[in-house]
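Single-structure report; data block below.
Just so it is clear, none of the values below were taken in a lab; they were calculated from the coordinates. Given the structure is predicted, the values throughout are model-derived calculations rather than measurements. In this analysis, Cβ positions are derived from the backbone assuming ideal geometry, glycine residues included, and neighbour counts consider all displayed protein chains.
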Amino acid sequence: MICSTDVLIIGGSAAGLSAANTIKTWYPDKKIVIVRDTSYTVVPCGIPYIYGMLNAVEKDKIPDEGFIKKGIEFLVARVEEINPEEHIVNLKNGETIHYDKLILAVGAKPTVPPIPGIDLAHIFPIYKDPAFLQEIDDVLQQSKDIVVIGGGFIGVEMAEQIRLKGDYNVTLIEALPRCLALACEEEYGYQVELELARLGVKVMTSTRAISFEGDTKVCGVTLADGTNLKADMVILGIGSVPNIELAEKAGLQIDPRNGIIVDAYLRTNDPDIFACGDCASKFSVINGQEIGIRLASVAASEAMIAGSNLYQLNRKTPGALGAFATRVGNVSVAAAGFTERMCKESNISYYLGKMNSPDRHPASLPGCTMQTEMKLIFNRENDCIIGGHIIGGLQAADMVNILALAIQNQVSSSDLAVMQYATHPLLTGSPLVYQVMWAAENAIANK
């Protein structure tokens, strides 16, 4: 069977869905078909919470209904190949779709290290497939000793949620000296480790898994320092690599590490094919260098750029920044841009300022987090903010979004110090000690 559409989107997660919404806004008369290979789309960042507070895979679902009401069509199928010359996509079920414009939003796949024993049963990378995620939950119900490999956001959140789910023995392994070290300041990662320990998670840093033990299914993990850990199941949370196979097979330009090569408008080397999200190449907002940030928020932003550019060029990407936030137990951590370590590695001369104050005023109000600390990093050459890091209460994510926009628009320390903003006793810290302003002011004073 052959069908035809104006716009075909391959991939139905954050990038694909955001692209479809954008296209309907800019080009409402265009027919849009989304092809995905899963029965429904899970909320990517909600996956760890399936195994804790949500307690069910189906509760972590992005409903199709809102998109369908807009006239966006979904097709559950697997794409076998793309023929750019004929504007045709061939599906595994034998059907063919003709397109006018194509968006590749095929995402990334989890990194699976070539460690002895990696093929044993009950070792799980994290795929965004409801059936696969249900399999993890089924095995978890029968397990007691859980080893999580990787102390980034997914690993930390998985370890926390599994521990909260029940009386599991959970061990988190991180090769770097601190958890969350690739995004957050080391001292903030240390505070997260302490909170995990309080919750009953055993955290082991500066070591790595060198083999998995077992006959048909995993029963243990051997670490580089010689430690042997009992394991009924292993969760892998050590990053991801872009899905480039379809693009490569179609003759599009790719970079095996950075993804499908796109220009500032998110076009591939074929003017009728765009790519966005985790599968697309990226460069840093801060220094223009290749960067491996893969986040749903970045994917949604890039999808809005790609979608608006399909039939006329309206937007350019500023590059990828990466704004992160998580909450572990009672501790919220958020980060945007460079850490001090990144600045040193990039030979950037910088100065910084801190502010630590309550996130309510007066601090005697219920729900106040007494210690909410912000750390801002500025480029000494132009005084522009290049990094922002927060640890404290629930306001961390909203505050870091201010900092992300400031970094993207090269806002100076002086401008941040005199910014105008909203405060309320139940929602923010006092205007006399508002963290964003006073971290910037302290940076200027200590420059």
> Considering only Pro362, Leu140, Val298, whose Cα is most displaced toward the positive end of the charge dipole of the chain, charges sitting on Cβ of Lys, Arg (+1) and Asp, Glu (-1)?
Replying inline: Pro362
> Just going by the charge dipole of region 112-238, with Lys and Arg at +1 and Asp and Glu at -1 on Cβ, which of Ser206, Val156, Phe124 is farthest out on the positive end?
Replying inline: Ser206
> How would you rank 138-146, 427-435, 385-393, highest first, on the average number of other Cβ atoms within 10 Å across their residues?
Replying inline: 385-393, 427-435, 138-146
>> Straight-line reach from Lys344: which aspartates and glutamates fall under 19 Å, measuring Cα to Cα and dropping same-chain residues less than 8 apart?
In response: Glu185, Glu186, Glu187, Glu290, Glu381, Asp383
>> Residue by residue through region 105-121, what is 3J(HN,Hα) from phi via Karplus (6.51 cos²θ - 1.76 cosθ + 1.60, θ = phi - 60°)? Round to whole Hz and write x for glycine and proline.
In response: 10, 8, x, 9, 10, x, 6, 10, x, x, 9, x, x, 5, 8, 5, 5
>> Run the reach check for Lys217 against lysines, Cα to Cα strictly under 17 Å, same-chain hits fewer than 8 apart removed. What comes back?
In response: Lys144, Lys230
> Which far-off residues, 5 or more places away or on another chain, put their amide H under 5 Å from the one on Ile210, with H placed in the peptide plane?
Replying inline: Thr222, Leu223, Ala224
> Once whole DSSP H runs in the chain are found, which of them have Cα atoms spread over 30 Å or more along the helix axis and a mean Kyte-Doolittle score of at least -0.5?
Replying inline: none
>> As a footprinting exposure proxy, order Phe274, Phe132 by other Cβ within 10 Å, with the fewest listed first.
In response: Phe132, Phe274
>> Going through the cross-link list Lys61/Lys165; Lys128/Lys249; Lys24/Lys128; Lys30/Lys59, which pairs have a Cα-Cα distance over 27 Å in this structure?
In response: Lys30/Lys59
> Taking amide hydrogens as modeled 1.01 Å from N in the peptide plane, which residues meet the under 5 Å criterion relative to Ser4, leaving out close sequence neighbours?
Replying inline: His98
> Based on Cβ point charges of +1 for Lys and Arg and -1 for Asp and Glu, what charge dipole magnitude is obtained for the chain about its Cα centre, in debye rounded to the nearest 20?
Replying inline: 800
